[in-house]
Structure formats: C-alpha cells, structure tokens
Amino acid sequence: MSITWLDPIAPETMPDDVVAMGERHPMRTVTHAAAAEVGVWQGDTPGMVQRWFDELAGEWHTHASPDRLLPLVDALERGGPIPDHGTWLELGCGDGWMTSTLAERAPRLIATDLSWEMVRRVPTGPTPVLQADAAHLPLDDHAVTVAVLVNMLLFPWELDRVIAPGGVLVWLSSRGPATPIHLTPEQVAAAMPGRWGGMAGQHGTGIWTVLRRLG
C-alpha cells in the first residue's frame with residue numbers, strides 16, 4: 001500500500017462533537033464490516049439500509065451545495081491520471097446531485113443506488129441510472145475504468161471485479177471523519193484485494209483518495 005498525500009486546499013476541521021456523532025452512527029459499523037467482507041451484508045442489513053435511505057430521499061437535496069462538489073473536482077484534477085475512455089461508474093448516486101458533474105467528464109457514465117426513492121429523483125438525462133446493490137453489481141468483469149464512491153459503502157471484492165486493468169477507484173468522504181460512511185484513504189487501500197495505492201488529499205472538509213492497482 002502506498003498513499004501520497006498532497007497539500008490540502010482550504011482545509012476545514014469538523015468540530016469534535018460532530019466527528020464523535022459520525023463515529024457513533026450505526027452506518028459506521030456497517031461501513032467497516034462491509035470493507036472487511038465479514039458477512040454483514042446479508043440478512044436484514046441491505047433492506048434496513050435501503051429503507052433508511054428511502055426515508056431520507058425526500059430531503060436529500062438539502063445537503064447539496066456547490067462547495068460540496070469541490071472535493072470531488074479536486075480528486076479528479078489532482079488524483080493522478082484519470083482514464084478518459086471507457087465507462088465510469090457512480091456508486092451511491094443518491095438523488096443525482098453529483099451525477100451531472102461526473103457526466104461532464106466521463107466518456108460514458110452509469111449511476112447506481114440501492115434506494116429506489118433516490119433513483120427515481122435523479123433528473124432525467126443521458127446517464128443510465130440503475131437501482132442496484134453495490135455488493136452484487138449487474139456488470140461484467142472489468143466493465144468500468146473509473147469507479148466513484150462519495151459517502152458510499154466499500155465492497156472491495158466487487159469493485160476489484162468490475163474495475164478494468166488500468167482503472168481507478170475514486171473515494172470521497174465529504175465531511176471527513178464526521179461522515180457516517182467513512183474510511184481513511186489508507187483503510188480503503190488496505191481493504192482492496194491485492195496491492196493498491198495512489199493519491200490522497202483534502203479540500204475543505206472533504207477527504208479523498210484516487211487509487212489504482214500497483215501490480
């Protein structure tokens with residue numbers, strides 16, 4: 001594992017009490033278990049997570065702001081060479097508030113979310129939007145060149161399956177350690193099968209990493 005941290009841009013630190021809330025959030029436990037592939041993503045858990053995001057879908061747009069796009073743009077611009085060919089995949093697209101930004105850069109983009117209530121709120125456009133479980137994607141092996149996960153659960157073996165040789169994984173926690181679904185760049189790289197490494201950085205409160213296979 002090799003992570004190179006770049007200089008932060010306008011870094012902001014979340015208050016300790018907000019970070020503590022993120023650490024105690026039930027989704028933090030699910031996040032670590034999913035990344036460790038310990039079998040948590042079975043039984044009632046997928047349905048519970050889907051229902052939770054279904055309930056949040058109606059107000060999800062209130063979290064969107066131009067400033068919250070900046071860490072994603074930073075990752076795509078400073079994270080090393082990003083493939084400009086093939087298919088990009090956005091996992092956990094929510095109501096699509098970042099989808100249009102990705103679509104402007106991707107040669108072809110597919111967006112997915114577990115929550116149907118989120119999916120049906122994505123604005124109509126050229127990007128196919130699928131309701132799909134990120135642990136069992138309806139995609140062929142090595143089907144995508146770029147996988148983008150913003151505040152999204154990491155399923156390492158499934159991502160390793162669908163990311164093509166030479167492809168990259170873009171991971172972003174928009175509020176850093178205060179994000180309920182949060183892993184550090186080092187934790188993301190360590191969770192992926194084989195050897196992965198790349199760049200990491202911070203823009204505002206957002207912490208990102210862009211990873212690729214090291215061989």
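The values are calculated or read from the model by the stated rules, or taken from the named source; none is laboratory data. Predicted model only: the values in this text are computed from it and were never measured. Note that we place each Cβ from the backbone using ideal geometry, even for glycine, and neighbour counts take in every protein chain shown.
Among the listed residues L137, L69, L149, which satisfies the condition of being in contact with a helix residue (DSSP H, G or I) (Cβ under 7 Å, 6 or more places away or on another chain) and either closer than 30 Å to V38 by Cβ or polar (S, T, N, Q) (or both)?
Answer to the selection: L137.
Residue pairs whose Cβ atoms lie under 6 Å apart, separated by 6 or more positions or on different chains, with the first residue in segment 1-26 and surrounded by 11 or more Cβ atoms within 10 Å (Cβ to Cβ) and the second modelled with pLDDT of 95 or more and acidic (D, E), are I3/E186. Please find, among S100, S115, the residue that is surrounded by 14 or more Cβ atoms within 10 Å (Cβ to Cβ), at pLDDT below 95 and of a type in the set (S, T, N, Q). One residue alone meets the criteria, S100. Does at least one position in segment 142-156 carry a residue that is surrounded by fewer than 23 Cβ atoms within 10 Å (Cβ to Cβ), closer than 30 Å to A10 by Cα and over 14 Å from the mean Cα position of the chain (by Cα)? Within segment 142-156, one or more residues are surrounded by fewer than 23 Cβ atoms within 10 Å (Cβ to Cβ), closer than 30 Å to A10 by Cα and over 14 Å from the mean Cα position of the chain (by Cα).
Just checking, does segment 172-185 include any residue being among the aliphatic types (A, V, I, L, M), out of contact with any Leu (no Cβ under 6 Å at 6 or more places or on another chain) and either at positive phi or assigned to a helix (DSSP H, G or I) (or both)? Yes: segment 172-185 contains one or more residues that are among the aliphatic types (A, V, I, L, M), out of contact with any Leu (no Cβ under 6 Å at 6 or more places or on another chain) and either at positive phi or assigned to a helix (DSSP H, G or I) (or both). Among the residues of segment 75-125, the one identified as touching a Lys or Arg at 6+ places or on another chain (Cβ under 9 Å), among the hydroxyl-bearing types (S, T, Y) and farther than 16 Å from N151 by Cα is T87. When only residues in segment 158-206 that are within 19 Å of H32 (Cα to Cα) and hydroxyl-bearing (S, T, Y) count, which is surrounded by the fewest Cβ atoms within 10 Å (Cβ to Cβ)? Applying the filter and picking the extreme gives T184.
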